[in-house]
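Worksheet: one structure, shown below.
The values are calculated or read from the model by the stated rules, or taken from the named source; none is laboratory data. As the structure is a prediction and not an experimental result, all values here were calculated from the model. Cβ: placed from backbone, ideal geometry, glycine included. Neighbour counts: every protein chain shown. Surface areas here come from the heavy atoms of the whole protein model, side chains and all, with no ligands, DNA or RNA. Shrake-Rupley method; radii C 1.70, N 1.55, O 1.52, S 1.80 Å.
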Amino acid sequence: MVRDLFDEEMFAEESPPRERPPREPRPRRGGLLGGETAKRILVAIPWIAFAIAIVVAGEIVFALAMIGIGLLCLREYFLMTAPLRPLQVAAYLAVTAMIVAAHFGTAFNVLLVATASFPLLFVFGARLRPREGVVVSISVTVLGAVWIGLPLVHAVLLRDLPDHGAALLIDVLVGTFATDTGAYATGRMFGAHRIAPDLSPNKTIEGLIGGFLIGTMAFWFAGLYQDWLSGVDALIIGAAVAAIGPVGDLFASLVKRDLGRKDTGRLFGPHGGLLDRLDAVFFTVVVGYYLSVQLVY
């Protein structure tokens with residue numbers, strides 16, 4: 001009867017508190033200009049200013065800048081591939097000579113220099129001791145010279161196009177930067193389906209679509225202020241730039257994963273090296289040059 005006057009829970013034995021299952025952490029999604037996206041933009045600002053300055057200067061200033069960038073990128077590449085014993089001096093000479101040939105000559109002269117680099121590879125390869133693995137050393141050297149040297153050659157050829165070369169090169173850089181930043185931002189906000197988790201786990205289909213649209217429209221918008229570039233031509237070049245940019249990024253990721261590296265260097269601190277920043281540009285500037293020649297000239 002006493003029990004009836006009070007709540008039965010007062011006489012019940014205390015049961016241990018029920019443990020709640022741990023919540024799975026939700027992926028953090030930053031805003032369009034929040035967190036890492038803003039940091040990426042801030043880090044890029046001085047380099048964008050540098051790029052505009054050398055493009056506007058043109059002539060020998062631009063060619064020398066491309067040589068400097070080529071040597072720095074080769075240095076990062078050779079540090080990654082050091083165990084494979086690349087023929088560094090041969091690559092430095094070949095890339096420098098190709099850029100000089102592009103500025104003072106024509107595409108034929110670039111091809112001539114590239115062909116002449118093979119006897120140079122033989123000379124340095126024959127001096128390698130021990131010679132075991134010399135084929136790998138030559139192959140790694142050629143990959144670096146082609147991957148880094150030829151895009152810089154095309155940057156010089158694009159900049160040296162008469163009348164509109166500087167503007168077209170800046171348009172390509174704007175489209176590339178917009179594609180990369182747009183893909184990163186939209187991927188963080190909406191990304192759910194990964195493209196290539198083994199190569200670049202953070203890249204998603206949603207980010208790829210967002211980057212493509214933003215990059216294409218950025219190139220088109222830049223073309224609005226250039227009466228010699230039609231809207232259709234701007235959309236075609238912009239779409240090609242936005243489509244090939246991620247391929248350049250994934251190509252660099254493929255190389256880094258095989259070499260066991262997360263970044264190509266530390267020039268940009270936590271944002272990686274110079275090759276990490278230019279991997280997309282090395283593909284877009286080539287496409288931009290040939291489409292510009294075809295559509296604008």
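Please report the spacing between the Cα centers of region 138-162 and region 55-89 in Å, no decimals. Centre-to-centre distance over Cα atoms comes out at 10 Å. Of the peptides 122-135, 243-256, the ranking by mean beta-carbon count within 10 Å, highest at the top, reads 243-256, 122-135. Computed over region 55-213, the alpha-carbon pair-distance distribution with 10 angstrom bins reads 11, 28, 27, 25, 9, 0, each value a whole percent. Counting protein heavy atoms only, the chain has 67 percent of its accessible area on carbon and sulfur, 1.4 angstrom probe.
Our summary gives the chain a relative contact order of 18 percent, counting only alpha carbon pairs under 8 angstrom and 6 or more residues apart. From the largest down, the chain spans 108, 60, 28 angstrom on the principal axes of its Cα atoms. The residue list 165, 219, 264 was ranked by how far each Cα lies along the charge dipole of the chain toward its positive end, using unit charges on Cβ atoms, and 264 comes out on top. Taking the Cα centroid of region 260-297 and of region 223-249, what is the distance between the two, rounded to the nearest whole Å? If you average the Cα positions of each part, the centres end up 16 Å apart. As a size descriptor, the averaged projected area of the C-alpha convex hull of region 192-297 was calculated at 7.5 nm². Averaging the sequence gap over all C-alpha pairs within less than 8 Å and six or more residues apart, then dividing by the number of residues, gives region 71-118 a relative contact order of 29 percent. In terms of Cα atoms, the Rg and Dmax of region 122-277 work out to 18.7, 60 Å. The C-alpha atoms of the chain define a longest principal axis, and helix 165-190 lies at about 20 degrees to it. Mean projected area of the convex hull spanned by the Cα atoms of region 174-240, taken over all viewing directions: 4.4 nm².
Taking only protein heavy atoms into account and a 1.4 Å probe, give the accessible area per residue of the chain in Å². Intermediate values should be presented prior to the final figure.
On the way: 16950 Å² over 297 residues.
Dividing the accessible area of the chain by its residue count gives 57 Å².
Taking a point 7 Å from the Cα of residue 106 along the Cα-to-Cβ direction, the residues of region 128-160 with backbone N closer than 18 Å to it are 154, 156-160.
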